[in-house]
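Structure record follows, encoded as structure tokens.
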Amino acid sequence: MTQLEAARQGIVTKEMQQVAEKERVAVEVIQQGLVEGTIVIPFNSQKTDKDPQGIGKGLSTKVSASIGTGKNSSAMENELEKLKVALSAGAHTIMDLSLGGNLDLIRRRILANCPVPIGTLPVYQAFAESFTDKGVLGIDIESMFQIIEKQAKDGVDFMGFHSAMTLETLDRMTKQGRVNDLVSWGGALLAGWMIYHERENPLYTYYDRILEIAEKYDITLSLADGLRPGCLADSLDRAQMQELIILGELVDRARAAGVQIMIKGPGHVHPNQINATIIMEKQLCQGAPYFVFGPLATDVVPGHDHITSAIGGALAAGAGADFLCYVTPAEHVRFPTIEDVREGVIAARIAAHVGDLMKGIEGAKEWDLEMSKARLPWNTTKQKEVALDPDALPEEGEQIVTKCNLCSGKCAIRTLANHLGRDAWIC
């Protein structure tokens, strides 16, 4: 039984209760959100040792960190270290996007060492392992579904599929023209497979098979837009909009099958279009939680796209996005390092919190107030307890910790406090 099916039957699961407690809302709010499809709890029924996360309407904005080996790098221990760093920085979920090495072993090691929900894009493994005499596009449909089932059995909690990218949407993209055609790795290869074989997208044609596996293991679907814009100039074009309409239809089919579902969104979005993008997804996809990649609000700062995406992510979360896929400084530049992963998570968490303040999420403004109170009088211990990134604050004994000496005894705060008859920082 899926979390959605349980909620429909009036059953309160342990996971619903845990999410309600973390979000500081009544469990009935979580249960009703599941029934309506505006909340999901990615939690594979094969696993019992995960920390459940609620994603959706009225809940705090969540952050996902992507890790995984590259095609020419299978250093699993390095990815496990990235996992550790992402979790310590506060990532709520992890995505394994490995392309090199023993992909089954890597995924299982990540699952064994990760207490939060794990997501994958099964086509990554399908294409990474599909080198035949026809090249990477030689993968057959049955092999794709064997990989989906295998990952579900292993305990993956949510899976991304480009199920709404059809031959018709590709034709529409070609006729309109784009600056950057497809920037999604899995989406581009899947489109190549469709064109090469002159066949419809198997993830669309056999969507019911995906739903059967998802219902069996309570896999939350994360239907991704393979046609997501790769630059501001391509944002909200006809192909993207048609794909979003099809995604809405697939949402209806998933819910009818008792399967939890969320939508993965763009990409590069002009800042003036972010609000409209969120509104359209919520309208066309019946309020399904929106999982956004970034979004990146400008194209001109490679090497600093964790900042670009934090700006876009804050605007998106404030407009109603529920789940942010982090972007690291390595985006568009290189394969991410361990430090890139940490910076990406922190930047996305800042964006998520700003969005929560804009949405009025329970506890968001109180968190800021705690920090404000810890600054007067100067309380370093409390500040480190409250800070989103406590590692960024100096340790006890370092400069500007137990007392402030920036103004060398000529403290403006103390001067004003003396005149007002109030306590001030110890200078």
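Readers should treat all values here as calculations from the given coordinates under stated rules, not as data from a laboratory. These figures come from a predicted structure and were not determined experimentally. Here the Cβ is made from the backbone with ideal geometry for all residues, glycine too, and neighbour counts use every protein chain on show.
Excluding ASP305 itself, calculate the net charge of residues whose Cβ lies under 13 Å from the Cβ of ASP305, where each Lys or Arg counts +1 and each Asp or Glu counts -1.
-3
Distance in nm between label sites at VAL136 and LYS410, each 7 Å beyond Cα in the beta-carbon direction?
The modelled label-to-label distance comes out at 6.2 nm.
Within a Cβ distance under 15 Å of GLN146, other residues only, what is the Lys/Arg minus Asp/Glu net charge?
Around GLN146, the charge tally is -2.
Work out the charge dipole of segment 115-201 with +1 on the Cβ of Lys and Arg and -1 on the Cβ of Asp and Glu about the Cα centre, then indicate which of GLN125, GLY187, PHE145 is farthest towards its positive end.
Farthest towards the positive end: GLY187.
Past 23 Å, Cα to Cα: identify those pairs from LYS47/LYS359; LYS175/LYS282; LYS264/LYS359, in the order given.
Exceeds cut-off: LYS47/LYS359; LYS175/LYS282.
Determine the calculated [θ] at 222 nm for the chain from helices alone, applying -39500 (n - 2.57) to every DSSP H run no shorter than 4 residues and normalising by the residue count; nearest 500 deg cm²/dmol.
Result for the chain: -14500 deg cm²/dmol, rounded to the nearest 500.
Could you calculate the contour length gain from THR174 to ALA188, that is, 0.36 nm times the residue separation minus the distance between their Cα atoms, to one decimal place in nm?
3.7 nm
Quick one: of LYS14/LYS62; LYS62/LYS84; LYS82/LYS373; LYS22/LYS150; LYS57/LYS384, which pairs are farther than 25 Å apart, Cα to Cα?
Table pairs above 25 Å Cα-Cα are LYS82/LYS373; LYS22/LYS150; LYS57/LYS384.
Could you calculate the FRET efficiency of GLU36 with GLU370 from 1/(1 + (r/R0)^6), where r is the beta carbon distance between them and R0 is 41 Å, rounded to 0.05?
0.80
What net charge do the residues around GLU331 carry, taking every other residue with its C-beta under 12 Å from that of GLU331, with Lys and Arg at +1 and Asp and Glu at -1?
-3
Order these peptides, 382-395, 160-173, 3-16, by their mean beta-carbon neighbour count within 10 angstrom, highest first.
So the order, starting with the most tightly packed, is 160-173, 3-16, 382-395.
With only Lys, Arg, Asp and Glu charged, each at its Cβ (+1 for the first two, -1 for the last two), find how big the charge dipole of segment 3-359 is about the Cα centre; round to the nearest 20 debye.
440 debye
From largest to smallest, what semi-axes in whole angstrom does segment 68-219 give when each is the square root of 5 times an eigenvalue of its alpha carbon gyration tensor?
For segment 68-219, the semi-axes come out at 28, 18, 16 Å.
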